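Working notes, beginning with the structure itself.
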Amino acid sequence: MEDRVILRVGAKILIPHILLFALYVQFHGDYGPGGGFQAGVIFASAFILYALIYGLAHAKRVLPLGFASFCAALGVVIYAGVGVATLLKGGVFLEYGVLRHDPVHGQELGILLVELGVFTTVFGSMVAFFYSFTGRRKSRS
Amino acid sequence: MTAVALLRIRNLFAVVMLAGIYSLLSAGLFTVMDAVDVAFTEAAVGAGISTVLMLGTLALVGRKEKAPDRHPVLPLFVVLVTGAALVYGSLDMPPFGDPDNPIHQHVAPRYLEESGEEIGVPNVVTSVLASYRGYDTMGETTVIFTAVVGVLLLMATRRRRWTEEGKGDDDGG
Amino acid sequence: MRVLGLFNYWIFIFLMMVGFYTLISRGNLVKKIVGLNIFQTSVFILYISMGKVRGGTAPILMEGDAVYSNPLPHVLILTAIVVGVATTALGLSLVVRIKEAYGTIEEDEIQAEDLRL
């Protein structure tokens with residue numbers, strides 16, 4: 001089983017960088033290609049890599065399925081919550097301009113929060129998909 | 001081409017790998033056509049997540065496809081007729097890359113010109129996705145959530161053995 | 001000469017027909033879902049190729065005057081890609097459950113089993 005050592009050490013080195021890259025893509029989505037969807041998928045892939053190398057049981061201890069599903073729902077709530085917040089502040093639904101004193105800053109804040117919501121949902125969904133497929137025992141037929 | 005190989009190969013593992021290559025090739029195509037955001041997403045999602053999910057499915061269902069016992073004539077006929085109709089329809093379409101195409105009038109120049117002052121975000125795709133068309137993106141997020149609900153309902157419960165005597169619990173999932 | 005400007009549509013039509021044929025002619029359910037994916041990706045190629053402007057660049061605003069490719073199809077396709085993966089995940093989980101219930105994922109065997117029960 002010595003060949004496993006390379007995989008484990010390599011994964012340990014790579015996973016923090018993958019997570020960091022995902023966050024970079026998320027927050028720099030305004031200035032270059034990127035945004036919530038891509039960042040969510042990359043972030044989830046770090047956890048999938050962890051599950052592939054260290055086993056599903058370990059991965060489920062780090063990130064339980066319930067938490068991943070919670071994240072998926074939380075993202076939708078964040079997104080709709082931004083819309084409701086704009087309603088409460090006097091604008092129409094999802095009009096980011098009323099979030100701050102100045103419409104342009106409001107837009108930037110709104111986009112940031114909304115992309116965060118998308119990121120959370122996509123991340124939770126991809127991890128939940130992976131857990132569902134790999135957690136199933138093989139049928140005996 | 002990759003797509004035709006996908007059609008003919010019966011070892012499903014090879015099919016899944018080729019599907020990943022197909023996604024990656026189309027991501028490269030998107031990059032060449034200046035769609036960097038789309039290429040990024042297609043590479044991550046198509047070549048990444050789709051491949052992983054299909055491999056997970058193959059681990060549960062098996063890898064070989066049964067050989068077709070007779071030549072399917074009707075699907076071939078349907079496909080040829082549809083293809084011919086589409087080629088006929090494409091003769092009316094505007095040529096590739098022309099800046100005067102109808103698709104580039106009306107809304108798109110407005111987004112490109114106004115996005116700088118109204119939103120202040122350089123990446124126009126993000127500004128359109130999150131602000132000008134933010135409502136659609138909310139719907140899309142809901143769609144992903146709904147898919148998670150569906151998959152969890154189908155897959156995260158205990159496996160039951162479907163015998164003729166009725167349902168009984170398996171050794172647990 | 002005008003016909004040569006249409007080649008991107010023909011590439012798309014070819015890919016879409018291959019995907020369509022895989023979808024309707026193969027009995028294996030996983031192959032069908034792969035065919036669906038080919039179909040979807042070919043439609044993305046259609047839209048993105050329609051949005052390209054000759055001499056344009058990626059739609060990220062830069063200093064000075066520049067010609068940009070149309071960002072509107074990019075946004076639509078971004079949404080479509082993610083919805084596509086959601087559909088694929090749901091379809092694959094259905095295939096897994098069908099396999100557990102019927103013992104096979106070949107379409108004709110499933111129909112035979114249904115007729116037998």
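The values are calculated or read from the model by the stated rules, or taken from the named source; none is laboratory data. None of the values given here were measured: they were computed from a predicted structure. When we count neighbours, we look across all protein chains shown, and the Cβ atoms used for this are built from the backbone with ideal geometry, even at glycine.
Those residues that are more than 7 Å from chain B (Cβ to nearest Cβ) and of a type in the set (A, V, I, L, M), I need them from segment C:1-18; list them, please.
Result: C:MET1, C:VAL3, C:LEU4, C:ILE11, C:MET16.
State whether one or more residues within segment C:23-42 are farther than 30 Å from A:THR134 by Cβ and surrounded by fewer than 23 Cβ atoms within 10 Å (Cβ to Cβ). Write out each step before concluding.
First pass over segment C:23-42, keeping only residues farther than 30 Å from A:THR134 by Cβ: C:24-25.
Cutting the leftovers down to surrounded by fewer than 23 Cβ atoms within 10 Å (Cβ to Cβ) gives us C:24-25.
Yes: one or more hits.
Suppose we filter segment A:29-70 for residues that are part of a loop (DSSP other than H, G, I, E, B), touching a residue at least 40 places away in the same chain (Cβ under 8 Å) and not charged (D, E, K, R); how many remain? So that I can check it myself, show each step before the final result.
So in segment A:29-70, the residues part of a loop (DSSP other than H, G, I, E, B) come out as A:29-35, A:55, A:63-64.
Now drop any that are not touching a residue at least 40 places away in the same chain (Cβ under 8 Å), which leaves A:29-30, A:35, A:63.
Narrowing the set further to residues that are not charged (D, E, K, R) leaves A:29, A:35, A:63.
Selection size over segment A:29-70: 3.
In segment A:112-138, how many are out of contact with any helix residue (DSSP H, G or I) (no Cβ under 7 Å at 6 or more places or on another chain) and in a helix (DSSP H, G or I)? Walk me through it before giving the result.
Going residue by residue through segment A:112-138, those that are out of contact with any helix residue (DSSP H, G or I) (no Cβ under 7 Å at 6 or more places or on another chain) are A:112, A:137.
Still in the list and also in a helix (DSSP H, G or I): A:112.
Here the count works out to 1.
Which of (1) out of contact with any helix residue (DSSP H, G or I) (no Cβ under 8 Å at 6 or more places or on another chain); (2) assigned to a helix (DSSP H, G or I) is the odd one out, the single condition A:LEU109 does not satisfy?
The failed condition is (1).
What's the total number of residues in segment C:85-108 that are within 8 Å of another protein chain (Cβ to nearest Cβ) and part of a helix (DSSP H, G or I)?
Selection size over segment C:85-108: 15.
Going through B:VAL107, B:VAL73, B:VAL87, B:VAL79 one at a time, which residue ends up being surrounded by fewer than 11 Cβ atoms within 10 Å (Cβ to Cβ), of a type outside the set (Lys, Arg) and modelled with pLDDT of 75 or more? Explain how you work it out, then say what you get.
On the way: B:VAL107 fails: surrounded by fewer than 11 Cβ atoms within 10 Å (Cβ to Cβ); B:VAL87 fails: surrounded by fewer than 11 Cβ atoms within 10 Å (Cβ to Cβ); B:VAL79 fails: surrounded by fewer than 11 Cβ atoms within 10 Å (Cβ to Cβ).
Just one listed residue meets the conditions, B:VAL73.
Given the criterion closer than 30 Å to C:ILE77 by Cβ and more than 8 Å from chain B (Cβ to nearest Cβ), identify the matching residue among A:GLN26, A:GLN107. Steps first, answer last, please.
Working: A:GLN107 fails: more than 8 Å from chain B (Cβ to nearest Cβ).
Checking each option against the conditions leaves just A:GLN26.
Restricting attention to segment C:81-95, does a residue exist that is crowded, with 21+ Cβ neighbours inside 10 Å and over 17 Å from B:VAL148 (Cα atoms)?
No, because not a single residue in segment C:81-95 is crowded, with 21+ Cβ neighbours inside 10 Å and over 17 Å from B:VAL148 (Cα atoms).
What is the residue count in segment C:19-63 for residues that are modelled with pLDDT under 80, in a helix (DSSP H, G or I) and either more than 8 Å from chain B (Cβ to nearest Cβ) or closer than 26 Å to A:TYR31 by Cβ (or both)?
Going through segment C:19-63 one residue at a time, the tally reaches 1.
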